[in-house]
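Read the figures in this text as sums done on the coordinates, not as results from a lab. Predicted, not measured: the structure shown is a model, and the values here were computed from it. Neighbour counts run over all protein chains shown; Cβ positions are idealised from the backbone, glycine included.
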Amino acid sequence: MQIVSALPDLRAARASLSGSLGLVPTMGALHAGHMALVTRARNENDCVGASIFVNPSQFGPNEDLSKYPRPLERDLTLLKEAGVDLVWTPSPAEVYPPGFQTWVEVSDVSRPLEGTHRPGHFRGVATVVAKLFNAFTPDRAYFGQKDAQQVIVLAQMRRDLGFPLQMVVCPTVREADGLALSSRNVYLDPQERAAAPILYRALSAARAAYDAGERCGERLRAIMSEILASEPLARVDYVSAADPETLLDVESRADRFLLSMAVCIGRTRLIDNVMLGESDLFPREEQA
Ligand code: PAF
């Protein structure tokens, strides 16, 4: 496995790989969700590349950039064992050199949900992922459904800017009690960890109502909110039953919904989602 930090070294290492390349972009602190992306990339491509970069531009001023976990040696061991060929571990100055002033902004779908609560977040994500696409020139790039809005924003960027690659979206990996795997789960103390599955319980209750025939967006939101309100450690940022194309809340009836939520458990902000009315592969495999 080649490990490089400087961009010219990445380009040289990329050029030495032949056949198709699958890219798994990460911020490190790898868990089984990331490794499922790597496994899928390994199965579908001749070579696999990964990036480990805690991207400062996608963190707000009061977010956890400085304390975000960075277990680099462990991450590299996991990637090597999973058969990754090339890892890029750039410094912030490598990605954002002095004088940097070009940003990628995806307008409409960046605004609701996470966009309302984390202004600038998707501008940072889109910019760094555009740079990763340019640097690796992958044939396929792998993302988790856990970050559903991120997938939708990046799919829009891929279409608008014409990146010649396929985006592949993999299902959310969960603990046995339903908690979606996230690098931020390590922040939860034992009491908070016990409370955290409330997100999936709320999503599952709304899904059960949908399966029983409920099609009203307002009612689905009410079902989720009621369950979240039963957990004293949970503080809700938003609960949404949205149109999966626009990400705007559906007020009346619809057949397809993206149910999503952001909830603070203690000081840890967790997000989760499920799709209703469509297969788990969300929104669809993005064809170049
Ligand atoms: O999902 C993540 O880990 C990050 O947002 C990504 C896509 C690696 C960009 O920094």
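Side notes on the structure shown:
- Angle of helix 148-161 to the longest C-alpha principal axis of the chain, folded into 0 to 90 degrees and rounded to 10: 50°.
- Using the Karplus relation 6.51 cos²θ - 1.76 cosθ + 1.60 with θ = phi - 60°, the per-residue 3J(HN,Hα) values for region 38-46 come to 5, 4, 5, 4, 4, 6, 10, 9, 6 Hz, with x marking Gly and Pro.
- For TYR238, residues with placed amide H under 5 Å, excluding near neighbours: ALA262
- Over region 162-265, Cα pairs under 8 Å with separation of 6+ residues give a relative contact order of 24 percent.
- Every pair of different Cα atoms in the chain enters the Kirkwood calculation, which places the hydrodynamic radius at 19.7 Å.
- Residue order, fewest to most surrounding Cβ atoms within 10 angstrom, among ARG118, ARG201: ARG201, ARG118
- Listed peptides 92-100, 210-218, 242-250, 151-159 appear in the order 151-159, 242-250, 210-218, 92-100 once ranked by packing, highest mean of other Cβ atoms within 10 Å at the front.
- Projected label distance in nm at TRP103 and GLU251, using a 7 Å step from Cα toward the beta-carbon: 3.1
- Top of SER182, SER20, SER204 by mean-square fluctuation, Gaussian network on the chain, Cα under 10 Å: SER20
- Taking amide H positions as modeled 1.01 Å from N, with prolines and chain starts lacking one, the residues under 5 Å from ALA141 and 5 or more places away or on another chain are LEU23, GLN166, MET167, VAL168.
- Calculated FRET efficiency for the pair ARG159/HIS117, C-beta based, R₀ 35 Å, to 0.05: 0.85
- Out of every Cα-Cα pair that region 175-288 contains, those further apart than 22 angstrom amount to 33 percent.
- Pair-distance profile P(r), taking every C-alpha pair of region 1-123, with 5 angstrom steps and integer %: 2, 10, 18, 19, 19, 17, 11, 5, 0
- ³J(HN,Hα) computed for each position of region 109-117 - Karplus, 6.51 cos²θ - 1.76 cosθ + 1.60, integer Hz, glycine/proline x: 6, 7, 7, x, 6, 4, x, 5, 8
- More than 17 Å apart - percent of Cα-Cα pairs taken over region 68-122: 64
- Here the contact order of region 45-189, divided by its residue count and restricted to Cα pairs under 8 Å and six or more residues apart, works out to 24 percent.
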